[in-house]
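Each value in this text was obtained by applying a stated rule to the coordinates, not by laboratory testing. In this text the structure is predicted, and so the values were computed from the model without any measurement. Counting neighbours? That spans all protein chains shown, and the Cβs are built from the backbone with ideal geometry, glycine included.
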Amino acid sequence: MRFILSLFTILSLTQCSSDNSPKHSFILEGFIKTNGSYSWGKTQKNIVVKNIENSCKIFAITDKRGRILYQQPLNVTFSDYHYWLCYADDKDNLYYYNSDYNEVKALIWNSELKKYDEVNFCSTKINLPSKFKDELKKDATLTDCLSLK
């Protein structure tokens with residue numbers, strides 16, 4: 001079953017679409033706001049943001065060979081109809097907020113283990129990128145978030 005789910009996810013992230021091709025661009029640091037494939041970071045990773053069904057969005061981070069390093073769970077997707085933020089920093093870390101599920105995550109690159117460590121940045125205080133932090137402070141529902149204090 002896990003193999004089938006992984007196969008489905010890989011296919012949904014890489015399949016061709018009948019609508020306009022998603023944009024492909026390079027990002028060193030900043031917000032990701034639209035569907036597309038983004039070459040990112042010092043170690044040549046890719047961030048893929050794609051609709052999967054009914055305007056649900058999902059993202060994944062892959063290495064330069066396409067191996068999935070992190071994939072957002074299929075049961076906590078986000079959409080353009082709700083508030084979401086995704087911010088990539090220049091140290092290969094990704095931060096995101098999904099208001100649909102009140103999900104607050106920092107994906108911190110562990111270079112020794114070659115994987116991402118997930119951190120809930122509201123229950124654990126970490127240094128967030130200032131632009132991401134400033135944008136999150138506009139959301140009145142995150143009043144008890146430790147990393148915003």
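Step by step: first the residues of segment 41-82, then only those that are of a type in the set (Gly, Ala, Ser) and crowded, with 18+ Cβ neighbours inside 10 Å, then the one that is farthest from Leu107 (Cα to Cα). Which residue is that?
The selected residue is Gly41.
Residue-by-condition table, conditions (1) under 14 Å from the mean Cα position of the chain (by Cα); (2) more than 22 Å from Glu29 (Cα to Cα):
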{"residue": "Gln71", "(1), (2)": "yes, no"}
{"residue": "Tyr83", "(1), (2)": "yes, no"}
{"residue": "Tyr87", "(1), (2)": "yes, no"}
{"residue": "Leu107", "(1), (2)": "yes, no"}
{"residue": "Ile126", "(1), (2)": "no, no"}
{"residue": "Leu142", "(1), (2)": "no, yes"}
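What is the residue count in segment 56-78 for residues that are touching an Asp or Glu at 6+ places or on another chain (Cβ under 7 Å), in a strand (DSSP E or B) and farther than 14 Å from Asn46 by Cβ? Here the count works out to 1.
Remark: pairs (first residue in segment 88-104, under 20 Å from Lys138 (Cβ atoms); second residue surrounded by fewer than 20 Cβ atoms within 10 Å (Cβ to Cβ) and of a type in the set (Asp, Glu); Cβ separation under 9 Å; 6+ apart in sequence or on different chains) = Ala88/Glu29; Asp89/Glu29; Tyr96/Glu103; Tyr97/Glu103; Tyr97/Glu135; Tyr97/Asp139; Ser99/Asp139.
Restricting to segment 122-149, name every residue that is out of contact with any Lys or Arg (no Cβ under 7 Å at 6 or more places or on another chain) and hydrophobic (A, V, I, L, M, F, W, C). Answer for segment 122-149, where residues must be out of contact with any Lys or Arg (no Cβ under 7 Å at 6 or more places or on another chain) and hydrophobic (A, V, I, L, M, F, W, C): Cys122, Ile126, Leu128, Phe132, Leu136, Ala140, Leu142, Cys145.
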